[in-house]
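The values are calculated or read from the model by the stated rules, or taken from the named source; none is laboratory data. Predicted, not measured: the structure shown is a model, and the values here were computed from it. All Cβ positions, glycine included, derive from the backbone under ideal geometry; neighbour counts span all protein chains shown. Remember, those area values only see protein heavy atoms, side chains included, never the ligands or the DNA or RNA. Shrake-Rupley method; radii C 1.70, N 1.55, O 1.52, S 1.80 Å.
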Amino acid sequence: MNVYSVTPQDQQAISGLYVAFWNRAPDKTGFGFWVNKLSSGEATLDQIAVEFRELPEGIAKYPKWS
């Protein structure tokens, strides 16, 4: 996937965010993108959750947060 150490915990955490936010399994491209951000240290899980909310899909689903 990348040169970073992708742990099962990172994968499980990102999958959990997809289920919590979108009530669905992650798509392959998006999953890889977010797991890479987490495993590389570019973003924490909390930061990724905020980014999920700020996506157009998040704003549409949770308009009171925007």
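Observations, loosely collected:
- With both labels modelled 7 Å from their Cα along Cα-to-Cβ, the residue 59 to residue 33 distance reads 1.5 nm.
- Rounded accessible area of residue 54 (nearest 10 Å², 1.4 Å probe): 100
- Split the accessible area of the chain by element, probe 1.4 Å, and carbon with sulfur accounts for 57%.
- Based on protein heavy atoms only, the chain ends up with 66 Å² per residue of surface accessible to a 1.4 Å probe.
- Taking a sphere under 13 Å around the Cβ of residue 13 and counting the other residues whose Cβ falls inside, with K and R at +1 and D and E at -1, yields a net charge of -1.
- On the beta carbon distance between residue 9 and residue 51, with R0 = 22 Å, the FRET formula returns roughly 0.70.
- According to the Kirkwood relation over distinct C-alpha pairs, the hydrodynamic radius of the chain is 12.1 Å.
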